Structures are given as structure tokens and as C-alpha cells.
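What follows is one structure encoded as C-alpha cells, with my remarks underneath.
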Amino acid sequence: MIPPKFDYHAPKSVAEAVALLGSLGSEAKLLAGGHSLLPMMKLRFAQPAHLVDLNGIADLRGICLDGDTVVIGAMTVENDLIASDLLRERVPLLGEAARLIADPQVRNRGTIGGDIAHGDPGNDHPALSLVLDAQFVLQGPNGRRTVAANGFFLGTYMTQLEESEVMVAIRVPSFAKGTGWAYEKLKRKTGDWATAGCAVVLRQSGGVVTHIRIGLTNLAQTALRAEEAEQCLLNQPFNEAAVKRAVAAAMAITDPAEDLRGDPEYKRAMAGVMVQRALNNAWARSA
Ligand SMILES: Cc1cc2nc3c(=O)[nH]c(=O)nc-3n(C[C@H](O)[C@H](O)[C@H](O)COP(=O)(O)OP(=O)(O)OC[C@H]3O[C@@H](n4cnc5c(N)ncnc54)[C@H](O)[C@@H]3O)c2cc1C
């Protein structure tokens, strides 16, 4: 299927991209890896008159350290996350989870910034960014602002990004020593979006949970942070009863849509299984 006609723009800097968005207005869309946008254009769900391609802006791709924070350029592709020694050392959850995203071809073009900016609750990076306490650096006509992942996702395909803004980077605090992590994703086959997914980051001291984040993928209109479930475990000894309470609390906030992956009842039940597995696996990795 061929997408509708559009004009193509290839800025060489973020400032130029922001200026183009300002002058072209709501008729323009940013193009990153194109693995969400182009299928939507082919299906006529999106019909931008202008595409502003970010691929020529070298500054937007790469992973570096700023103090104790890992800074990932928005145009960094999934395969770069998987290959990064820095991420393996500082935030191992990201490269590990990226292996579960789509297939090798998509991971070669699909970017972390596009995955987040798209606002698709089926994408994996939104829930991952919630459990990582990530912050997003956005550049618009009035300069840069930094917003927390928690609160960024407003609805399906809706985020705090303004039409005139470019996501520049994702900032992720390095894991403290002893952090446990897991991403559990149920999918029908390799390359599929999650039927249900759960990301967990936790720390413990002497068998008691001292830090916990639980994020859910494709179980509501946005990625969810399961804060009540977190409270069932925080400052508690980690045991079967506490996990059971957390699983029930996480399942209670899900509101999955019926689709070819299953009906809401099935998806909610699978959410419970993913949460239980992710909690136990993250716990086993914590020290
Ligand atoms: C077969 C297939 C399977 C897939 N499976 C999964 C999966 O399992 N999990 C998953 O998470 N994803 C999956 N995806 C989606 C894939 O990861 C996409 O690459 C991702 O959703 C979008 O990233 P992109 O770089 O391709 O962005 P694009 O498609 O280029 O852009 C997506 C949207 O984000 C906006 N945008 C992009 N970059 C920026 C930026 N820097 N600042 C502001 N706005 C921006 C664009 O304007 C557009 O609206 C799959 C895709 C395919 C084709």
C-alpha cells in the first residue's frame, strides 16, 4: 500500500526541525524510524502534508553518561540499546527489554524516541520509562524543558509533547548497586506487541523492599504505573502473600481492550501472571 503524497524536509539540526514544525504547523509530522508512522500513513490513519525527517541530525543518536545519569539520544535505535556496554553496566533492563521489541529489521530502524513519542500503549518503552524514573528532554520554540515519564502519557497516541516540540533525549538514572529488574512480555509470536507486559525495578535491604516500581504494557489506554501495587510491597518483607496482594492491585487498574490478542478477562488474567513473574524475577536478581 502506498502512503498519500507529502513534502519531505531534511533538517540538519534540532533548531531547524523546530523552526520547520513552527512554520508548517499541524500539517507536519516528524519522521524517525517510520515503523509506526508509515504504516499509519499507508492505512490513511495519518495524512501529514509534510514529513520532517530527523535522521540527518547526528546529535540525536547515541548513548552517554552525564554524572550518574545515562542520556540516550531520541534517535537511538533499539539495536543500539541492545549493543550498548554502557547500558548493560548502568541500566541493564533497557537492552534486555529491547530484545523483546518487534523483530531485528524493525529494531534496526525503530527509535526509542519514536516509540515513546508515539504514545501507543502497546509499545514497550512507555512502561519501561515509568519504572526507570526516566525524564524526557523536549525542545520547542521557547527552548528545552524536561518532563518526567510519570504523567507524560495522557491517552492513546496522546502525550505531553506539543506539536512544535522535538523529543531530544531520554535521561535515565543509573541503577544503584543491588537493583533487581525484569520485563515480562506475553506475545503471540516473535515480532508481536504485548498481549500483556510488566516491568519491575526494585531494591531491598535485609529482605525488605526499599524501592519498587511496577509498569504495565498494553493493558489500558496508556502505559500504567501500578502505584497501589507498589505500596503493597514497599517497606514490607517480600513474600508470597505480599506478591499476591500486589498482583491483585495491579490487575485491578487494568482496562484492556478486546482485540485479536484476547478479551479483557483473558488479558487481565495474563497481566496478573506477568506481574507475578516480573516481581519474582526482579527479586531474585536483587541483593
Ligand atoms: C512489525 C512491527 C512490530 C512492532 N512491534 C513492536 C513491539 O513489540 N514493541 C514496541 O514497542 N514497538 C513495536 N513496533 C513499533 C516500533 O518499535 C516503532 O519503531 C516505534 O513505535 C516508533 O518508532 P519510530 O522511530 O519508528 O518512529 P516513527 O514511526 O518515525 O514515529 C512515530 C511517531 O512519533 C513521532 N516522533 C518520532 N520521533 C520523535 C521525536 N524525536 N520527537 C517527537 N516526536 C517524534 C512521529 O512524528 C510519529 O508521530 C513494531 C513495529 C512494527 C512495524
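The values are calculated or read from the model by the stated rules, or taken from the named source; none is laboratory data. Keep in mind that this is a model prediction, so the values were computed, not measured. Please note: Cβ atoms are built from the backbone with ideal geometry, for glycine as well, and neighbour counts cover all protein chains shown.
Observations on the structure shown:
- Some residue of the stretch 157-166 being touching a Lys or Arg at 6+ places or on another chain (Cβ under 9 Å) and either touching a residue at least 40 places away in the same chain (Cβ under 8 Å) or in a loop (DSSP other than H, G, I, E, B) (or both): yes
- Verdict on Val70 being part of a strand (DSSP E or B), more than 14 Å from the ligand (Cβ to nearest atom) and surrounded by 15 or more Cβ atoms within 10 Å (Cβ to Cβ): yes
- Residue list for the stretch 105-137, restricted to those being of a type in the set (S, T, N, Q) and near the ligand (Cβ under 6 Å from one of its atoms): Thr111, Asn123
- For the condition farther than 30 Å from Ser84 by Cα, surrounded by 15 or more Cβ atoms within 10 Å (Cβ to Cβ) and not aliphatic (A, V, I, L, M), His50 qualifies.
- Within the stretch 269-287, not a single residue is part of a loop (DSSP other than H, G, I, E, B), closer than 22 Å to Glu96 by Cβ, within 16 Å of the ligand (Cβ to nearest atom) and not assigned by TED's automatic domain parsing to the domain that holds Gln105.
- Just one of (1) within 17 Å of Ile112 (Cα to Cα); (2) exposed (fewer than 15 other Cβ atoms within 10 Å of the Cβ) fails for Ser23. It is (1).
- Filter result for Ala102 (modelled with pLDDT of 95 or more, out of contact with any strand residue (DSSP E or B) (no Cβ under 8 Å at 6 or more places or on another chain) and away from the ligand (no atom under 12 Å from the Cβ)): no
- The residue list Glu96, Glu89 contains one member that is in a helix (DSSP H, G or I), surrounded by 13 or more Cβ atoms within 10 Å (Cβ to Cβ) and away from the ligand (no atom under 13 Å from the Cβ), which is Glu96.
- Single residue of Arg203, Arg171, Arg188 found to be part of a strand (DSSP E or B), within 16 Å of the ligand (Cβ to nearest atom) and surrounded by fewer than 23 Cβ atoms within 10 Å (Cβ to Cβ): Arg171
- So Val209, is it surrounded by 18 or more Cβ atoms within 10 Å (Cβ to Cβ) and either in contact (Cβ under 8 Å) with a residue 12 or more places away in the chain or closer than 23 Å to Gly122 by Cβ (or both): yes
- The residues of the stretch 121-151 that are crowded, with 23+ Cβ neighbours inside 10 Å and either in a loop (DSSP other than H, G, I, E, B) or acidic (Asp, Glu) (or both), listed by number, are Pro121, Asn123, Asp124, Leu132, Ala134, Ala149.
- Where a residue in the stretch 95-119 is closer than 18 Å to Leu224 by Cβ and its partner, wherever it lies, is of a type in the set (Ser, Thr, Tyr), with Cβ under 6 Å and at least six apart: Ala97/Tyr183; His118/Ser36; Gly119/Tyr157; Gly119/Thr159
- Inside the stretch 244-268, residues that are assigned to a helix (DSSP H, G or I) and within 24 Å of the chain's Cα centre (by Cα) make up a count of 11.
Condition check ((1) touching a residue at least 60 places away in the same chain (Cβ under 8 Å); (2) more than 22 Å from Ser164 (Cβ to Cβ)) across all residues:
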{"position": "Ser26", "(1), (2)": "yes, no"}
{"position": "Leu31", "(1), (2)": "no, no"}
{"position": "Lys42", "(1), (2)": "no, yes"}
{"position": "Asn55", "(1), (2)": "no, no"}
{"position": "Ile63", "(1), (2)": "no, yes"}
{"position": "Val70", "(1), (2)": "yes, yes"}
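- Residue list for the stretch 15-67, filter: in a helix (DSSP H, G or I), more than 8 Å from the ligand (Cβ to nearest atom) and in contact with a Leu (Cβ under 7 Å, 6 or more places away or on another chain): Ala17
- Residue check, Thr222 of a type in the set (Val, Ile, Thr), more than 19 Å from Met251 (Cβ to Cβ) and within 16 Å of the ligand (Cβ to nearest atom): no
- Val77, sole failed condition from (1) near the ligand (Cβ under 8 Å from one of its atoms); (2) without any contact (Cβ under 8 Å) to a residue 12 or more places away in the chain: (2)
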